[in-house]
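Input: a single structure, listed below in structure tokens.
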Amino acid sequence: MPDPYQVWLSEVMLQQTTVAAVAPRFQRFLGRFPTVAALAAAPAEAVMEEWAGLGYYARARALHAAARAIAAAGAFPPDAAGWRELPGIGPYTAAAVAAIALGQPEVPVDGNVERVVARLFAVTEPMPRAKKTLAALAQGFSSDPAMRARPGDFAQALFDLGATICTPKNPACALCPWREGCAGQAMAADLPVRAEKVPRPMRHGAHFLALDGAGRVLLGRRPGHGLLGGMADIPGTAWTGAPWTDAEALAEAPFAAPWAAVPGVALHGFTHFQLTMRLFWARVEIPGTNQDWRPLAEAARILPTVFRRLLVLAEGAGVR
DNA sequence: GATGCGTGGTA
DNA sequence: TTACCAAGCAT
């Protein structure tokens, strides 16, 4: 049976994240934190740095907290209900770990499984209201002898069916092993019925890139919760509904310096809003000891993508 | 139950 | 290019 730590880590990384994006990051993370004990013993900053670029940073905070809970308990939870109590573990991940790592007869219901079930039973109720219906129907797999014999492989097979045959667009029904029993084949491409999407508003920010004489950049640290919680950042204004004028932005600078505006803007899309950022930079020599100065290459590695865009903007403008 | 929470790939 | 999508969870 697979190592529960590795199954747990991979399932958390895969939450709303593609296999292609996860694969190299999983190996790197495992190299740095090979066991749950090593993860539990690590400082939070190290865990957040290792997660940089993967997104949904609450996952990393919860993963670390759960590792410490497991280390304190001295053992992994013995079943899905036990896993469900850990931070960052919801119904899906608890069932996936129990099925794959523990061989227990659980059915993890993710987006793939919802889609397969919606088509198999021709569920036309719109999402997200249909989630309860789909989960209940998915529980019907529990009586399948193949599922009882190999719960982990059954779950993986269901994911693979959804990822390769029963795809969101252009499903390959002709190749589907379940086509004969599929009630929704004729309308497969239109299921499940999605809720209407709301347009993403635009927000605006201004940030301040302080460079010293040795190619180092001054970083800040975000509060430990909410958007990008716990991650390093490039200091700046709040992200507001209107653009910042030079005067407004400079009044928000973290300290007095000969700030110069970098031409252009950096753009970044979040799930729920789009962001336009201006950038000011200055060469400064600060004797302080508590600031977090990092070489540019290191900063680019540990910053979330939204702030890496500012480094790219600066580099393109010849700032270094 | 609706909303907040990232990012990169694909059509 | 814009829009959509990907092995969800917390509040």
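Any read-out appearing in this document is the output of simple, stated calculations on the displayed coordinates, not a laboratory observation. Remember, predicted model here, so these are calculated numbers, not experimental data. Here the Cβ is made from the backbone with ideal geometry for all residues, glycine too, and neighbour counts use every protein chain on show.
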Check your understanding: Using 7 Å Cα-to-Cβ label points, what is the A:E298/A:A37 separation (nm, one decimal)?
Key -> 2.9
Practice item. Provide, for q = 0.10, 0.20, 0.22 Å⁻¹, the log10 of I(q)/I(0) from a solvent-free Debye sum over equal Cα point scatterers in the range A:106-197. Key: -0.23, -0.93, -1.12
Revision key, fill the gap. Going residue by residue through the range A:274-281, the Karplus relation 6.51 cos²θ - 1.76 cosθ + 1.60 with θ = phi - 60° gives ³J(HN,Hα) values, rounded to whole Hz and with x marking Gly or Pro, of 9, 10, 10, 10, 8, 9, 10, 9
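Could you tell me the relative contact order of chain A? Use alpha-carbon pairs under 8 Å, at least six residues apart, and round to a whole percent. Don't skip to the answer; put the middle values down first.
On the way: 490 pairs, mean separation 52.0, N = 320.
The value is 16 percent.
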Revision key, fill the gap. Any GluC sites (Glu not before Pro) in the range A:183-263 that lie in a DSSP loop and have at most 13 other Cβ atoms within 10 Å would be A:E196
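By how many nm would the segment from A:A135 to A:D212 grow when fully extended, if each residue of separation counts as 0.36 nm and the alpha-carbon distance is taken off? Walk me through the numbers on the way to the answer.
On the way: separation 77, 0.36 × 77 = 27.72 nm, distance 5.54 nm.
Computed gain between A:A135 and A:D212 is 22.2 nm.
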Point to revise | Label point distance in nm, A:A65-A:A174, each placed 7 Å from Cα along Cα→Cβ | key: 5.1
Exercise for review: Return the ratio Rg/(2.2 N^0.38 Å) for the range A:202-316, where Rg is computed over Cα atoms only.
Suggested key: 1.00
Point to revise | Per-selection metrics, the range A:1-104 (Cα): Rg and Dmax in Å | key: 12.5, 35
Review point. Counting DSSP beta bridges in the range A:202-316, what percent are antiparallel, to the nearest 5?
Key: 60
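Given the alpha-carbon gyration tensor of the range A:87-137, what are the semi-axes of its equivalent ellipsoid in whole angstrom, ordered largest first, with each equal to the square root of 5 times an eigenvalue?
Numbers: eigenvalues 103, 29, 11 Å².
Here the semi-axes work out to 23, 12, 7 Å.
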Review point. What residues have an amide H closer than 5 Å to that of A:A206, excluding those fewer than 5 places away on the same chain, when H is modeled at 1.01 Å from N in the peptide plane?
Key: A:T237, A:R278
Review point. Assuming R0 = 45 Å, what is the FRET efficiency of A:A157 and A:A257, from their Cβ-Cβ distance, to the nearest 0.05?
Key: 0.15
Revision key, fill the gap. For chain A, the Debye formula with one identical point scatterer on each Cα and no solvent gives log10 I(q)/I(0) at q = 0.08, 0.09, 0.15 Å⁻¹ as -0.49, -0.61, -1.18
Review point. Going by how many other Cβ atoms sit within 10 Å of their own, how do A:R129, A:R115, A:R84, A:R221 line up, fewest first?
Key: A:R129, A:R221, A:R84, A:R115
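What number, rounded to the nearest 500 deg cm²/dmol, is the helix-based mean residue ellipticity at 222 nm of chain A, given -39500 (n - 2.57) per DSSP H run of at least four residues and division by all its residues? If you can, show how the numbers build up before the last one.
On the way: 14 runs with 130 residues, N = 320.
For chain A, the value works out to -11500 deg cm²/dmol.
Run the numbers on the range A:111-173 and let me know its relative contact order in percent, using alpha-carbon pairs under 8 Å that are six or more apart.
Numbers: 38 pairs, mean separation 25.3, N = 63.
Normalised by residue count, the contact order of the range A:111-173 is 40 percent.
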Practice item. Compute the length gained on full extension between A:A238 and A:A186: take 0.36 nm times their separation in residues and subtract their Cα-Cα distance, giving the result in nm to one decimal. Key: 13.8 nm
Review point. By DSSP, what percent of the beta bridges with both residues in chain A are antiparallel, rounded to the nearest 5?
Key: 60
